[in-house]
Structure formats: structure tokens, C-alpha cells
Amino acid sequence: MSRPDPHSYADLDQGRISHQDLDLFIDFASRRIEGAATLTLAVPAGGPLDLDTRDLEITGATVGGEAVPFELADPDPVMGTRLRLQLPPGTVQATVHFATSPQASALQWLEPAQTDGGTHPYLFSQCQAIHARSVLPCQDTPLARFTFHATVTVPEDLTVVMAAAPGEAVPSTRAGHRTFTFAMPQSIPSYLFAFAVGNIVSKDLGPRSRVYTEPETLERAAWEFAEVDSMLTAAEDVFGPYLWDRFDFLVMPSSFPYGGMENPRLTFLTPTLLAGDRSLVNVLAHELAHSWTGNLVTNATIDDFWLNEGFTVWAERCILEKLEGPEAKSLAAAIGRNGLNEAIGTFGPDSPFTRLKTDGKGKDPDEFYSLVPYEKGFLLVSLLEQAVGSDRFAAFIKRYIEHFSFTSITTEQFLEFLEAELPGAAEKVGAKQWVYQAGLPANAPRFTSARLENLQGLATGWADGKRPDPAAARSWSPEDWQIFLQALPRKMPEADCRWLDESFDLTNARNAEILCNWLLIAAGSGYEPAFPRIREFLGEVGRMKYLKPLYNALHRNERTRTLAVETFADHSAGYHPIARGGIERILAQ
Ligand code: BES
Ligand code: ZN
């Protein structure tokens, strides 16, 4: 038996699913998807085949049209439920008939009132890390890649988009319905399976890119992300050719719980990026960079997640540097470093969660998600780059991508490749300590600039009476504001809060990063004039990056604990299941 991924029941010795043919009927009335999945094995197999499911109802399994035995094990709270098919010898294809649960952890079903337009319902999936099993029976491990073909039937006034190449939409045999067809010719790990259904329209932004959104948001989104084509070119410069044909993206309803999700051919993005000033497009660059680090070269299991995210943050900042210069990169790295310090502070510097290589066995990946793999990973990649020089490192990255494309690798495979390609580099930077030990090694690179030092100096001198010159600060960029606000004390006297708010109108900031950073100070300081906006903001956004720290800040302070509980009661029904779970854990502390 070989169960190589602690978060999956897949036993790759039994057989490997290399293709899925999916037929899905989306039923908004019952909030269920009825599906048939025909699984093709890479090599004919017989005997047991274990699949991952979560809250799936299995209504039948057939091979060559004949029913075959199947059995669902007892559910596990983290892993879900093992489905075991019994295959006749020499089986190439098996079909599983199933239905999802209204509580499927990968799906959010939205009422029309939760959408921009307010007239059509909406459904979207979010499968990373281990939620694909709640939408379809599969080997839900990045070690098992598959291609797929899908037909999706929905009411005829709705449109389906999918992280795949779209085919035709044709009238369905079900009255009042249409069937959309998709093909995914490049093999993907299950966590990249993704689709959305709603009143969705699109606009071309370049020869390879198009933005999809609800009609109400289309023009704003097209303006915000107009630079996508130059990002794509800059990314190819870093990594080599783009192998997914198109780079389209979907701007989601506000309850989308992440900033972005790198679903191949169709990145999903939070609408909180629509700041009206293009200042938050780094998230688009990040998801684009995953087209190589993540989608071509994928972490073998969640324990190697830093390979996905650390390299992607590094690439995101290379793209930023190419488009906006070195200062922009330093500011972004400094913002990242603040986040890392905070994450390490929360876990504690000796916590195993601050290692790059983690041991997540038995744990829910949503619970230990943090910035550590992103920002500590970024620092290690940057350190290696500095150690060997940027030219040698640039060539190394291209070889790394080429060598491991369409495979899923462990940290150890990476280290072995590194040693073969850049002998001695790992030793020179102490890579083993970085990877296997907790906390941040002393040789972590520092990114700085005169501008950064000035901003941080202003903020850290706050208690000694240092204040920014209001006239100058009004022309600060959004990144400047983030740096400054993040470096201010978490708790400030009311008069100081009032001065900041009145001078810079922070409570009405349109940029979600600035607003959230300010509201965190306001919450930590118990600054009451900002409370109505905090309440409102927690109802407007679904992105966990904002929800979790704000609920945390409110919950930590006895004076605002009730505000946290009441606000959650008001809005929890609209939050994504993953976000709701995360906030419940905060409020239960
Ligand atoms: N792949 C992640 C999002 C993710 C990670 C979803 C783990 C579920 C489980 C995505 O690429 C990401 O990192 N998004 C960040 C953007 C950022 C670091 C620029 C986010 O959502 O904030
Ligand atoms: Zn990422």
C-alpha cells in the first residue's frame, strides 16, 4: 500500500486516475450538484480503488455499464470519507454517480442579494487545499494529476465559467436550461479544479487575457487590471513560456474568502482589489506567477506548500520590480516582512508551524494556513538568489521549471535539484536550517530603501511626538500608507486616533488595505467613531485576510468583544464556509 499524502485516502499502488469526464447538473433550488464522473485509469487495474469524498452522496458505481460494489467508510473530520470501489480486473474506466451536499465545503451558494447585480443567484468553488473531494470523487492529492472534460447544465439565464478551455454552450434537454462544455488538456492537481456560475460577462484585455465579472463590475475591473498583458510578458521573462494558452481571470462576488486563487486559465480574484488606483494588482501578478510555481511545479503535499507560495511571492516581486522598479519591490518585501513577524509572533518562534517543511498530518490545512510559507519562503529564495548572483539564479529558475513541469515535488526533491544545479549554494545559506527549523534564521535578507526607512521612522517615533506632515502625507502612495500604518502602535490614545482620522480621512479610505490597517488600529485602540465603519466593512468583505485580524482585534479587547460577537451574528450567514469556520475559532478562544 502506498498512501503518500497524509491528507488523502488515495493509494497510488491501486491505480492512478489520469482523466475525468464529468457531467454536472447544478440545482440552485436544492443547492446540490448531481454528477456523474467517469474516471480513466492511467494503467488498467482491478481490485479496490480508494477515492476521497466529503459529504458526497454516492448513488451508484459502474464499470462497462455494470454495477460494481462500493463502500463508504466512516467520515473523518479532517480527511472526509473514503470511498472504496471494487473494480473488475483490467478496468480502464469506472463511473461514479453522486450528489454534493448543500454544505459542501468547497462551494458557496449565493442568494441574488449577495451579488453585485442583486438579480441572479451565484455559485462558486474553492478547492484548495482539500475541498475538491466535496465536489467530486477524486484522488484529492496534488500527486495525482488528471486532465478532464466537463459538461455543466444550469438555468439558461446563467453562465458557467471554468478553469479550463471553454467549448460551446447549447440548449439542454432539461427545459429552460443550457449546457456548457469545457476541456482541460493540461493535467492538473485536484485542488485547481474550479468553476463559477452566475450572471457573468467578459471583456478582452489583451491577446491572451480576458476579465470576467458580473456586468455591474466589468468596467471597473477592466480598468484596474488593464496591465495584465505586460505582466504576462514580464512573467515569461522570469520563467519561460506560458503553457496554459490563455490567462483569463474572474473577479468574484465579495464573499470570496481569498485575495486570489490561481485556477489555471481562470484565476479567481477578490473584488477588494478594485481600489480604483491599480495599487493592489500585485495579487494578479502573484496568481499569474503560480502558472509556473504551483501549477506547473506543484507541492507534493501540504507539507511542501512553501514550494508553491514562497517561489510565487518571489516571482510576484520580480514582476513588480520589472514593471515598477526596485523601490516597489522593497516596499512590498517590507510589508511582507511585517506580516511574517506577526505570524511568527502569533505561533511563537519555536512553533513547528514556523518551519518551511511542515508536518500537517491529522491537522486541517485551513487551520494552520499562515504567511510563514509565503514570506519565510520568499526570504529563502531571495537569499539563494543573492548567494549565487541574479544571473545564475535566473537560469536556475528556468531549468527548475522545465525539469519539474507537470509534476508534484517534495522539498527534498527541490533540495536535491538545487545541489545538482548550484553546488554548495544550499550549504552557503544554511538552507537546511531554513527548511527544517522553526523561526527566522539570522541571515534573513533585509529589503530597505530611504523611503521605507523614513516611513518606518515616522511611525516608530509616534510616541515621541513625531507626526507626518499632512500636506506631504496626502500624496503618499497606498504602499506608503500600509508601511506607515503597520509600523504605528496597535493601541493609541483617542486624541491620536482622531488626529490621524481627521487629517487623512482614513475611516473613508477606498483602498481596502489602507482601510483594514487603519481599522485594526481603531479596533485595538477602542476608537469609537470608527466602530460603525468596522461593522459595515465586516459585512462588505469576505476576504479572510481582513476578516480574521479584525475579528481578532475586536475579540482580544474586552470592550469590543460584544461588538465582535454581534457583528458575526449579523453577517455570518453571508460568509464563505471556510471564513465562517476561521472566525468561529477566533471567537471561541
Ligand atoms: N493559492 C493561494 C490561495 C490559497 C492558499 C487558497 C491555500 C487556499 C489554501 C493564492 O495564490 C494566494 O496565495 N493568495 C493570496 C494572495 C497573495 C499572497 C498576494 C491571498 O489570497 O491573499
Ligand atoms: Zn499563492
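Structure notes:
- Of the residues making up region 227-238, those that are farther than 12 Å from residue 249 by Cα and either small (Gly, Ala, Ser) or crowded, with 16+ Cβ neighbours inside 10 Å (or both) are 227, 230, 231, 232, 234, 235, 238.
- When we screen 238, 313, 283 for residues that are touching a residue at least 24 places away in the same chain (Cβ under 8 Å), within 12 Å of ligand 1 (Cβ to nearest atom) and out of contact with any Ser or Thr (no Cβ under 8 Å at 6 or more places or on another chain), the only hit is 313.
- Matching strands (runs of 3 or more DSSP E) fully within region 140-211 where at least 1 residues are acidic (Asp, Glu): 165-171, 201-206
- A Cβ distance below 7 Å, combined with a sequence gap of six or more or placement on separate chains, defines the contacts here; from region 449-467, residues that are over 17 Å from residue 493 (Cβ atoms) reach residues that are among the aromatic types (Phe, Trp, Tyr) and surrounded by 12 or more Cβ atoms within 10 Å (Cβ to Cβ) in the pairs 455/484; 458/484.
- Options 178, 145, 133, 174; residue that is of a type in the set (Lys, Arg) and under 20 Å from residue 265 (Cα atoms): 145
- Residue among 339, 362, 325, 348 that is of a type in the set (Gly, Ala, Ser), within 16 Å of ligand 2 (Cβ to nearest atom) and not assigned by TED's automatic domain parsing to the domain that holds residue 262: 339
- In region 551-573, the condition of being within 20 Å of the chain's Cα centre (by Cα), in a helix (DSSP H, G or I) and away from ligand 2 (no atom under 16 Å from the Cβ) is met by no residue.
- Residues being closer than 17 Å to residue 346 by Cα, in contact with a Phe, Trp or Tyr (Cβ under 9 Å, 6 or more places away or on another chain) and surrounded by fewer than 15 Cβ atoms within 10 Å (Cβ to Cβ) - total across region 543-589: 0
- Residues (within 24 Å of residue 577 (Cα to Cα), of a type outside the set (S, T, N, Q) and more than 12 Å from ligand 2 (Cβ to nearest atom)) located in region 270-303: 271, 273, 274, 302, 303
- Failed condition for residue 267, given (1) farther than 16 Å from residue 205 by Cα; (2) within 16 Å of ligand 2 (Cβ to nearest atom): (1)
- Residue identified as surrounded by 15 or more Cβ atoms within 10 Å (Cβ to Cβ) and free of Cβ contacts under 8 Å to residues at least 40 places away in the same chain among 383, 422: 422
- Test: residue in region 263-279 that is touching an Asp or Glu at 6+ places or on another chain (Cβ under 6 Å) and within 11 Å of ligand 1 (Cβ to nearest atom): yes
- Residues of region 4-39 that are in a loop (DSSP other than H, G, I, E, B) and either free of Cβ contacts under 8 Å to residues at least 40 places away in the same chain or at positive phi (or both): 11, 13, 14, 15, 29, 31.
- Unmet requirement for residue 249, which otherwise passes all of (1) in a helix (DSSP H, G or I); (2) within 14 Å of ligand 1 (Cβ to nearest atom); (3) free of Cβ contacts under 8 Å to residues at least 60 places away in the same chain; (4) over 13 Å from the mean Cα position of the chain (by Cα): (1)
- Tally, over region 225-279, of residues that are basic (Lys, Arg) and closer than 19 Å to residue 313 by Cα: 1
- Scope region 433-457; condition of a type in the set (D, E, K, R) and touching a helix residue (DSSP H, G or I) at 6+ places or on another chain (Cβ under 7 Å); matching residues: 451
- Residues in region 223-232 include at least one that is within 16 Å of ligand 2 (Cβ to nearest atom) and modelled with pLDDT of 95 or more.
A quick yes/no check of all residues on (1) acidic (Asp, Glu); (2) within 30 Å of residue 188 (Cβ to Cβ):
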site: 393; (1), (2): no, yes
site: 398; (1), (2): no, yes
site: 408; (1), (2): no, yes
site: 416; (1), (2): yes, yes
site: 425; (1), (2): no, no
site: 432; (1), (2): no, no
site: 464; (1), (2): yes, no
site: 471; (1), (2): no, no
site: 476; (1), (2): no, no
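- Subset of region 362-379 (residues that are closer than 23 Å to residue 289 by Cα and part of a loop (DSSP other than H, G, I, E, B)): 369, 370, 371
- All of 416, 375 fail the test of being surrounded by fewer than 19 Cβ atoms within 10 Å (Cβ to Cβ) and in the same structural domain as residue 331 (by TED's automatic domain parsing), apart from 416.
The values are calculated or read from the model by the stated rules, or taken from the named source; none is laboratory data. The structure displayed is predicted, hence computed values, not measured ones. All Cβ positions, even for glycine, are placed from backbone atoms using ideal geometry, and neighbour counts span all protein chains on display.
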